[in-house]
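Below is one structure; the comments refer to it alone.
Nothing in this text is a laboratory measurement; each read-out follows from the coordinates by a stated rule. Note that the structure is predicted; figures quoted are calculated from it, not measured. Note that each Cβ is placed from the backbone with ideal geometry, even for glycine, and that neighbours are counted across all protein chains shown.
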Amino acid sequence: MVKSMVFHTLDYNRLAPCEEWYYQRHAPQIARRYGPWLTRFESYRPAPFPAGHTPEDYGYTNWFCTVGYWRDIPEEGSRGEQVLTTPPYPAVNYSCFLPPQAEDDFKGADTAPEERACLRWVIFLQYPEGVDRAEADAFFRDTFAPETCGQRGLYRFFSSRVLEEEIHLPGGWKTETEARLKALGSPSNHRWDRMLELWYETYEDWADSVVNRPPAYTPPPWAEHPCFPFLKPYTHMVSTLLLERPAFDWLRECQVWR
């Protein structure tokens, strides 16, 4: 079993037609086409970014975060199916495949669900080009993660490495749609190295932990910025803020595309 995560971001002027397309056409088509391989297929609606702070500084993505759990991965190629339905306006997406359970559980495993509300800051990161990935990951586990556990408002922190195997799902867009995606610079095949989840109870906890009074960090040798999260937004890191429960459980809620 593997887990997929996709962040989407778009011009909010296009929100209404894109939501209508996703709900009426895209999700039902995915549910029918990949349903035999999927055990869960859910979308989260991002929470608003904290007021007074700049979302672009954190590579914030503003539309759905879609999560799938796959019993197996279908073979690549058309395989007798049609192309994906054409969106009215293509969103930029950032995706990765992960182990189904977190590999590194750094903080908060003994927190019961009824004890605290859950504001999840989910981050994809990539070590910059030319950096030794094994050395960078050792720095992440041995230095960055313990220092991050010292954030004042952080109560849960875990992470996984992105699967090294390149996974490509069957199906694609019409040629002209692919061209529109490329014109947007959509990094669908971006090679991420890690997924992080950091949980806070309130926006004040997030701001206190990340912006106002962060712990004393040791900047990594490959830092592109002097402060956390150290990496160039939308190039080597992207993020979103989610609540605990998904907004849509597509396998249960939608009528399959016919």
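Once backbone amide H atoms are built at 1.01 Å from N, residue 59 has 234 as its partners under 5 Å, excluding neighbours fewer than 5 places away on the same chain. Let me make sure I get this right: for the range 12-106, a, b and c are the square roots of the gyration tensor eigenvalues over alpha carbons, sorted descending. Under 1.5 in a/c it's rounded, otherwise prolate if a/b > b/c, else oblate. Which is it? Taking the square roots of the gyration eigenvalues as a ≥ b ≥ c, the range 12-106 is oblate. Using the empirical formula 2.2 N^0.38 Å as the baseline, the Cα radius of gyration of the range 59-209 reaches a ratio of 1.23. Once the chain from residue 69 to residue 110 is taken as fully extended at 0.36 nm per residue, the excess over their C-alpha distance is 12.3 nm. Note that the range 78-90 has calculated 3J(HN,Hα) couplings of 5, 6, x, 9, 7, 5, 5, 4, 7, x, x, 8, x Hz, one per residue in order, obtained from phi through the Karplus relation 6.51 cos²θ - 1.76 cosθ + 1.60 (θ = phi - 60°); glycine and proline are x. Amide H contacts under 5 Å for residue 158: 106, 197, restricted to partners 5 or more places along the chain or on a different chain, H placed in the peptide plane at 1.01 Å from N. Backbone phi angles across the range 2-18, fed through the Karplus curve with coefficients 6.51, -1.76 and 1.60 (θ = phi - 60°), yield HN-Hα couplings of 10, 10, 10, 9, 9, 8, 10, 9, 8, 5, 5, 4, 9, 4, 4, x, 5 Hz in residue order; Gly and Pro are listed as x.
Compared with the dominant principal axis of the Cα atoms in the chain, helix 175-184 is inclined by about 20°. From the P(r) of the chain, could you give the percentage of C-alpha pairs in the tail past 33 Å? That tail contains 20 percent of the Cα-Cα pairs. Computed from backbone phi with θ = phi - 60° and the Karplus coefficients 6.51, -1.76 and 1.60, the 3J(HN,Hα) list for the range 218-231 is 8, x, x, x, 9, 4, 9, 9, x, 10, 4, x, 6, 10 Hz; x is used for glycine and proline.
Estimated at 0.36 nm per residue, the fully extended path between residue 89 and residue 224 surpasses their Cα-Cα distance by 45.4 nm.
Provide the FRET efficiency to the nearest 0.05 for the residue 45-residue 164 pair, computing r from the beta carbons and using R0 = 25 Å.
About 0.20, to the nearest 0.05.
For the chain, the share of DSSP beta bridges that are antiparallel, to the nearest 5, is 95%.
Modelled spin labels at residue 16 and residue 118, positioned 7 Å past Cα toward Cβ, are 3.4 nm from each other. Peptides 116-128, 80-92 ranked from most to least packed, by the mean per-residue count of other Cβ atoms within 10 Å: 116-128, 80-92.
Quick one: Cα centre-to-centre distance for the range 198-225 and the range 1-70, in angstrom? Here the two parts' Cα centres lie 25 Å apart.
Amide H contacts of residue 238: 124, each under 5 Å away and 5 or more positions distant or on a separate chain (H built 1.01 Å from N in the peptide plane; Pro and chain starts excluded). Evaluated with a Cβ-only charge set (Lys, Arg +1; Asp, Glu -1), the chain carries a dipole of roughly 840 debye about its Cα centre, given to the nearest 20.
Note on residue 147 and residue 132: the extension gain reaches 3.3 nm, defined as 0.36 nm multiplied by sequence separation minus the Cα-Cα distance.
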